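Notes to accompany the following structure.
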Amino acid sequence: MNIVLIGMRGAGKSKISRRLSVLTKRDVLSSDLLIQYDHDGKSIPEIIEECNGDWRQFRDMEYTTLQKITALDSNIIDCGGGIIVDIDEDGHEIFSERKINLLRANGRIIWLKGDIPRLAAKVKGDATRPSLSQTKSAEDVMYRRLPFYEKAADIIIDIEGKSKRELVEEVHKTIAKYL
């Protein structure tokens, strides 16, 4: 059984997954880092730029990466913030049944839920993160994705007002029955 962490940008998925790895003695597989590895170490913004800003291509890369990751067992999967979406023919974000089904087949999906205005402010201006939309603010995109996170999550953990240590302990306690 894999432990899958999802959440919006800035929720602390990567830090929590690394700390959880120490507690559980499980390896961490980061979907974004593996995509970068498969693309000669290019950053996510560079990959998006190579795709001419076409997020559909990136979402397909995520799916291909998840097929590899989910073939493995007993890992912690640190998912990129948009793992819960695909892009339809009109260029709109839709819930990604295909990616969530892969994650759920051999894992428990934990949503690290945070305050959207705080998360948007936290990641604003971060050059390591590509723009989510040419026409909408990051905050607007995050609000639009809320129902997708709710639909994907097996477990929801509110991250607000808690230290990373407290969050790791809460996640560990919550998933202990599945390990």
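The values are calculated or read from the model by the stated rules, or taken from the named source; none is laboratory data. It should be emphasised that the depicted structure is a prediction, and the values quoted were computed from it without experimental measurement. All Cβ positions, glycine included, derive from the backbone under ideal geometry; neighbour counts span all protein chains shown. To get the accessible areas, we keep the full protein, side chains included, count just its heavy atoms, and leave off ligands, DNA and RNA. Shrake-Rupley method; radii C 1.70, N 1.55, O 1.52, S 1.80 Å.
State yes or no: is residue 72 touching a residue at least 12 places away in the same chain (Cβ under 8 Å), hydrophobic (A, V, I, L, M, F, W, C) and in a helix (DSSP H, G or I)?
Numbers: touching a residue at least 12 places away in the same chain (Cβ under 8 Å): yes; hydrophobic (A, V, I, L, M, F, W, C): yes; in a helix (DSSP H, G or I): no.
So residue 72 fails the test.
Among the small types (Gly, Ala, Ser), open to solvent by less than 30 Å² (accessible area, probe 1.4 Å) and within 16 Å of residue 145 (Cβ to Cβ) - does that describe any residue in the range 12-27? Looking for residues that are among the small types (Gly, Ala, Ser), open to solvent by less than 30 Å² (accessible area, probe 1.4 Å) and within 16 Å of residue 145 (Cβ to Cβ), one finds none in the range 12-27, hence no. Residue 58 falls short on exactly one of the conditions (1) without any contact (Cβ under 8 Å) to a residue 60 or more places away in the chain; (2) open to solvent by 20 Å² or more (accessible area, probe 1.4 Å); (3) not in a strand (DSSP E or B), and that condition is (2).
Sub-9 Å Cβ pairs linking a first residue in the range 119-148 that is closer than 16 Å to residue 55 by Cβ to a second residue that is modelled with pLDDT under 85 and assigned to a helix (DSSP H, G or I), at least 6 apart or interchain, are 129/123; 129/138; 131/138; 132/138; 138/123, ordered by first then second residue. For residue 47, the conditions (1) touching a helix residue (DSSP H, G or I) at 6+ places or on another chain (Cβ under 7 Å); (2) without any contact (Cβ under 8 Å) to a residue 24 or more places away in the chain; (3) assigned to a loop (DSSP other than H, G, I, E, B) all hold with the exception of (3).
Looking only at helices (runs of 4 or more DSSP H) that lie completely in the range 84-179, which have at least 3 residues being open to solvent by 20 Å² or more (accessible area, probe 1.4 Å) and closer than 16 Å to residue 9 by Cα? Don't jump to the end; show me each part of the working.
On the way: elements: 97-105, 116-123, 138-152, 164-175.
Because the criterion is at least 3 residues that are open to solvent by 20 Å² or more (accessible area, probe 1.4 Å) and closer than 16 Å to residue 9 by Cα, the helices (runs of 4 or more DSSP H) in the range 84-179 that meet it are 116-123, 138-152.
Within the option set 131, 96, being at pLDDT 95 or above, of a type in the set (Ser, Thr, Tyr) and under 17 Å from the mean Cα position of the chain (by Cα) holds for one residue only, 96. For residue 35, indicate whether it is surrounded by fewer than 22 Cβ atoms within 10 Å (Cβ to Cβ) and aliphatic (A, V, I, L, M). Yes.
Looking only at residues in the range 1-11 that are farther than 22 Å from residue 116 by Cα and crowded, with 16+ Cβ neighbours inside 10 Å, the one that is farthest from the chain's Cα centre (by Cα) is 2.
Among the conditions (1) in contact with a Lys or Arg (Cβ under 9 Å, 6 or more places away or on another chain); (2) open to solvent by 10 Å² or more (accessible area, probe 1.4 Å); (3) part of a loop (DSSP other than H, G, I, E, B), residue 80 misses just one, which is (2).
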